[in-house]
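The values are calculated or read from the model by the stated rules, or taken from the named source; none is laboratory data. None of these values were measured; they are calculated from a predicted model. Here Cβ is always computed from backbone atoms with ideal geometry, including for glycine, and neighbour counts include all displayed protein chains. Quick note on the areas: whole protein, heavy atoms, side chains included, nothing else; ligands and nucleic acids left out. Shrake-Rupley method; radii C 1.70, N 1.55, O 1.52, S 1.80 Å.
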Amino acid sequence: DTAVSQTPKYLVTQMGNDKSIKCEQNLGHDTMYWYKQDSKKFLKIMFSYNNKELIINETVPNRFSPKSPDKAHLNLHINSLELGDSAVYFCASSRSGPLTDTQYFGPGTRLTVL
Amino acid sequence: AQTVTQSQPEMSVQEAETVTLSCTYDTSENNYYLFWYKQPPSRQMILVIRQEAYKQQNATENRFSVNFQKAAKSFSLKISDSQLGDTAMYFCAYCTGNQFYFGTGTSLTVIP
């Protein structure tokens, strides 16, 4: 039943490690997103894919690499994790682009880098 | 520069009362969308209401309504008959083209 799911829900790891967060949507949407929410609750878009094609790539370190194997999945891989990467990461999807449609969010993944 | 401003970091309201959360935004665009999202302690982001800039009529969803003032670039959210389940962070969001901006949020507490 879950519309947008993310795994894992919690991720605790050491600095310097590489980790991935997976996102899947079963809504048949064409567009998917990754957001980062920092400790002050500010939510910032990182990437957006439309039909597996990157359409938004905000200024994020190139240690962050999104991968979209198909339009129902958008995974986020992070290399060489740093303390400042600790945050909650949200995946979202919409039927088409953000201008025309509502975004549906996943439950979030809390990443803690030690 | 911050595109979306929520000037009230925290607010509280008595159960069954009405509360209004403010949001202003900065844009030179004429075609855009505005949203209010709710984030309860569970962290899930839930759409509350959305408004198309070309529509003059204010959007309404049950107990939630907006006061959209396009000239003033203001988009406030009114919650009527507040319920305990309304306790959450509320984010105002603006989008145009492929750009999506969130405000810094307002933490709302409904007091029994």
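A few points about this structure:
- Residue, least open to solvent (accessible area, probe 1.4 Å), within segment B:23-40, restricted to residues that are more than 19 Å from residue B:64 (Cβ to Cβ) and more than 8 Å from every other protein chain (Cβ to nearest Cβ): B:27
- The single residue among A:47, A:90, A:64, A:105 that is of a type in the set (Phe, Trp, Tyr) and touching a Pro at 6+ places or on another chain (Cβ under 6 Å) turns out to be A:47.
- Odd one out for residue A:44, checked against (1) in contact (Cβ under 8 Å) with a residue 24 or more places away in the chain; (2) under 18 Å from residue B:94 (Cβ atoms): (1)
- Filter result for residue B:103 (within 14 Å of another protein chain (Cβ to nearest Cβ), in contact with an Asp or Glu (Cβ under 9 Å, 6 or more places away or on another chain) and not polar (S, T, N, Q)): no
- For segment A:61-90, filtered to residues that are farther than 14 Å from residue A:21 by Cβ and of a type in the set (A, V, I, L, M, F, W, C), the residue that is surrounded by the fewest Cβ atoms within 10 Å (Cβ to Cβ) is A:83.
- Selection from segment A:52-86 of residues that are within 14 Å of chain B (Cβ to nearest Cβ), assigned to a loop (DSSP other than H, G, I, E, B) and over 14 Å from the mean Cα position of the chain (by Cα): A:59
- The criterion of at least 3 residues that are out of contact with any helix residue (DSSP H, G or I) (no Cβ under 9 Å at 6 or more places or on another chain) is met, among strands (runs of 3 or more DSSP E) falling completely within segment B:1-100, by B:10-14, B:33-39, B:46-52, B:64-69, B:74-79, B:88-96.
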